[in-house]
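Student: Here you go, one structure.
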Amino acid sequence: MQAPEATAAYLYLLADLSTDNTDRWRLSAPDGGSLTIESFSPGYWGTRYLFDPAGALTIQGAEASPATIFLYPDIATDNNDHWYVGAADGSFPVRASP
């Protein structure tokens with residue numbers, strides 16, 4: 001896949017005939033910018049994950065919702081195996097899931 005000169009390239013992933021906004025995702029590679037994974041869940045394309053050219057990852061939650069990373073150390077057969085890190089309203093909790 002190659003975009004024309006000075007334009008972004010997009011790869012669309014549409015699940016379930018894309019009948020719901022939450023079924024629509026895309027990868028975006030802008031000209032000279034960061035790679036993003038975007039969701040159409042709010043009714044417009046919003047960045048959820050951003051990888052900058054240096055390799056840093058930014059995770060963005062939807063407006064007024066937390067951004068969360070879930071960690072599963074093995075096949076997650078019990079609650080002791082469920083951990084998450086999140087950021088919301090100025091807090092940054094690291095917790096085991098109940």
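The values are calculated or read from the model by the stated rules, or taken from the named source; none is laboratory data. Remember, it's a predicted structure, so these values are computed and weren't measured experimentally. Cβ placement follows ideal geometry from the backbone for every residue including glycine, while neighbour counts extend to all protein chains displayed.
Student: Give me a count of the residues in the range 32-49 that are assigned to a loop (DSSP other than H, G, I, E, B) and either surrounded by fewer than 15 Cβ atoms within 10 Å (Cβ to Cβ) or not assigned by TED's automatic domain parsing to the domain that holds ALA15 (or both).
Tutor: Within the range 32-49, residues that are assigned to a loop (DSSP other than H, G, I, E, B) and either surrounded by fewer than 15 Cβ atoms within 10 Å (Cβ to Cβ) or not assigned by TED's automatic domain parsing to the domain that holds ALA15 (or both) number 5.
Student: Evaluate the following for THR19: is it hydroxyl-bearing (Ser, Thr, Tyr) and modelled with pLDDT under 85?
Tutor: no
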